[in-house]
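Notes to accompany the following structure.
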Amino acid sequence: MRVLVSGGAGYIGSHTVLKLIASGHDVVVVDDFSNSKPTVVGRLESLSGTHVPVHSFDLTDVDKTERLFAHEQIDAVVHFAGLKAVGESVTKPIEYYRNNIDSTLSLLAAMQRHGVHRLVFSSSATVYGENAPVPYSEDYEHLSSSSPYGQTKVMIERIMTDVAAASDGLRVALLRYFNPVGAHPSGQIGEDPQGIPNNLMPFIAQVAVGRREKLTVFGDDYPTADGTCERDYLHVEDLAAGHVAALEHLDDMVTPVRAFNLGTGTGTSVLAMLKAFERAVGRELPYEVGPRRAGDLAAFWADPSRANDELGWRAVKTIDDMCADTWRWQSANPQGFPDA
Ligand code: NAD
Ligand code: WQD
């Protein structure tokens, strides 16, 4: 298939571009580089040995999106593009709703006009809200999220469901990621957050490489084994493979729109993750325990059985793989991707 990857220069998109090419698909990227660097493209080309065509514009622009579909032959879309910082979305809700919803509407309209009926969407475990039983199952129906960011995922899942119901043949896989971490085993591409990292793994990696003084563990008085929060971390390489599996399964899905949890099914605590990273680096890393972070849930992980059974996909990489690959990327690229 010729696959349009929106947000293909970003963290998960870039790893998925490589997996798509390795699986024999052609890729076209659209990204406005609002949260990524153009230098990632050269690395994708050298790692894949293939030219990667890139269209650089903001997908909220309906006319440019339409022109892209008019000029490129596209069989399927994998839609990663969006803003993703939970805390920032609370202070900039208009920006988040506009960017995430409008870019999706532009894409859906262009897909409809040009008869493209395969879509894979980056959703998130955040759609399960605060009350879903653990492990999270796709059968849980009361989707909600406490942040504007998470709410864009709930709304986009609904929009795609409505558009598919009104369409003649649109097939949508809603992929609900748990906590993606890790990097390509080459150490050439990885997560490169701008400013202070919001998420645990890139923060630990920046402590290890000397860019941050110490990790602050957000609370150790949760009702978990060691008192710190537990999450279902999955390797970005497994996650990327999940996109290829979902894409190739779209035409056979039991319903035109189907949600799939992509996770390992296991929770790991903040302190356990820190210890694993110390093993990868070969030394202890400084940390302190601070107050809880507002909005954090104590523990959740996926029931990944639907993706296991229907997509034939399974997360296979370990926590130690995730840490070793993150460290290879971070130590080789202490400041992330170069500007040019
Ligand atoms: P990322 O920020 O690294 O990648 C997103 C890419 O989209 C960036 O390259 C950015 O420049 C681009 N982009 C943003 N808005 C755009 C627009 N209007 N037009 C064109 N390009 C635009 O993020 P990521 O971690 O790779 O996440 C990819 C997707 O997965 C996002 O939708 C995110 O919400 C979702 N997701 C991420 C996580 C996570 O923990 N990383 C978890 C669950 C879901
Ligand atoms: C993990 C654990 C923190 C940083 C977020 C989004 C979610 C999804 C993935 C997109 C928590 C603790 C963290 C630090 C810490 N993204 N922590 N010190 O919160 O599970 O999920 O990213 O959809 O929607 O909410 O991930 O990596 O931020 O935190 O102690 O400096 O690490 O409290 O327990 P989270 P995270």
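Quick look at the values:
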{"read-out": "Convex hull volume per residue in cubic angstrom - Cα atoms of region 236-282", "value": "84"}
{"read-out": "For Phe57, distant residues with modelled amide H under 5 Å away", "value": "Asp31, Asp32"}
{"read-out": "Alpha carbon convex hull of region 75-230, projected area averaged over orientations, nm²", "value": "11.9"}
{"read-out": "Surface accessible to a 1.4 Å probe, Ser36 within the full protein complex, Å²", "value": "20"}
{"read-out": "Antiparallel bridges, percent of DSSP beta bridges restricted to the chain (to nearest 5)", "value": "5"}
{"read-out": "Those trypsin sites (Lys or Arg not before Pro) in region 224-302 that DSSP places in a loop and that have at most 15 other beta carbons within 10 Å", "value": "Arg283, Arg292, Arg293"}
{"read-out": "³J(HN,Hα), Karplus 6.51/-1.76/1.60, whole Hz, each residue of region 222-237, x for Gly, Pro", "value": "7, x, 10, 4, 10, x, 9, 5, 10, 9, 9, 7, 10, 6, 4, 5"}
{"read-out": "Per-selection metrics, the chain (Cα): Rg and Dmax in Å", "value": "19.1, 57"}
{"read-out": "Summed residue charge, Cβ within 15 Å of Val62's Cβ, Lys/Arg positive, Asp/Glu negative", "value": "-2"}
{"read-out": "Protein-only accessible surface order, largest first, of Trp327, Trp301 at 1.4 Å", "value": "Trp301, Trp327"}
{"read-out": "Cα shape, region 66-166, gyration tensor, a/c 1.5 rule", "value": "oblate"}
{"read-out": "Additional length obtainable on full extension of the chain from Glu141 to Lys214, 0.36 nm per residue less Cα span", "value": "22.3 nm"}
{"read-out": "Tensor-based shape of region 86-135 (alpha-carbon gyration tensor, a/c under 1.5 rounded, otherwise prolate or oblate)", "value": "oblate"}
{"read-out": "Choice from His71, His114, His249 with maximal GNM fluctuation in the chain (Cα, 10 Å cutoff)", "value": "His71"}
{"read-out": "Region 173-328 - percent relative contact order, Cα under 8 Å, separation 6 or more", "value": "37"}
{"read-out": "Mean Cα-pair separation over length for the chain, i.e. relative contact order, pairs under 8 Å, 6 or more apart, %", "value": "19"}
{"read-out": "Cα gyration tensor, region 5-116 - rounded (a/c under 1.5), prolate or oblate", "value": "oblate"}
{"read-out": "Given charges at Cβ of Lys, Arg, Asp, Glu: region 146-205 dipole, positive-most of Ile159, Ile204, Gln188", "value": "Ile159"}
{"read-out": "Where Met155, Met273 fall by accessible area, highest first, once all protein chains stay in place (1.4 Å)", "value": "Met155, Met273"}
{"read-out": "Accessible area (Å², 1.4 Å probe, nearest 10) - Ile196", "value": "120"}
{"read-out": "Ordering of 284-291, 181-188 by burial proxy (mean other Cβ atoms within 10 Å per residue, highest first)", "value": "181-188, 284-291"}
{"read-out": "Accessible-area composition of the chain, carbon plus sulfur, in percent [1.4 Å probe]", "value": "49"}
{"read-out": "Cut-off under 5 Å, modelled amide H: who pairs with Val27 long-range", "value": "Val3"}
{"read-out": "Under the Karplus curve 6.51 cos²θ - 1.76 cosθ + 1.60, θ = phi - 60°, whole-Hz ³J(HN,Hα) for region 10-16, x wherever Gly or Pro sits", "value": "x, 4, 6, x, 5, 5, 6"}
{"read-out": "Degrees between helix 270-281 axis and first principal axis of the chain (Cα, 0 to 90, nearest 10)", "value": "90"}
{"read-out": "Full-extension gain in nm, Asp221 to Lys37, via 0.36 nm per residue minus C-alpha separation", "value": "62.4 nm"}
{"read-out": "Restraint check, Lys64/Lys92; Lys37/Lys275; Lys19/Lys317; Lys92/Lys153, Cα-Cα greater than 21 Å", "value": "Lys64/Lys92; Lys37/Lys275"}
{"read-out": "For the chain, accessible area per residue (1.4 Å probe, heavy atoms of protein chains only), Å²", "value": "42"}
{"read-out": "Cα centre as origin, Lys/Arg/Asp/Glu Cβ charges: the chain dipole, Debye", "value": "460"}
{"read-out": "Residue-by-residue Karplus 3J(HN,Hα) for region 90-105, coefficients 6.51, -1.76, 1.60, Hz, glycine and proline x", "value": "6, 8, 10, x, 5, 4, 5, 4, 4, 5, 6, 6, 5, 5, 5, 5"}
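The values are calculated or read from the model by the stated rules, or taken from the named source; none is laboratory data. Since the structure is predicted, the reported quantities are computational estimates derived from the model, not experimental observations. Note that we place each Cβ from the backbone using ideal geometry, even for glycine, and neighbour counts take in every protein chain shown. Calculation scope for accessible area: heavy atoms of the full protein, side chains included, ligands and nucleic acids excluded. Shrake-Rupley method; radii C 1.70, N 1.55, O 1.52, S 1.80 Å.
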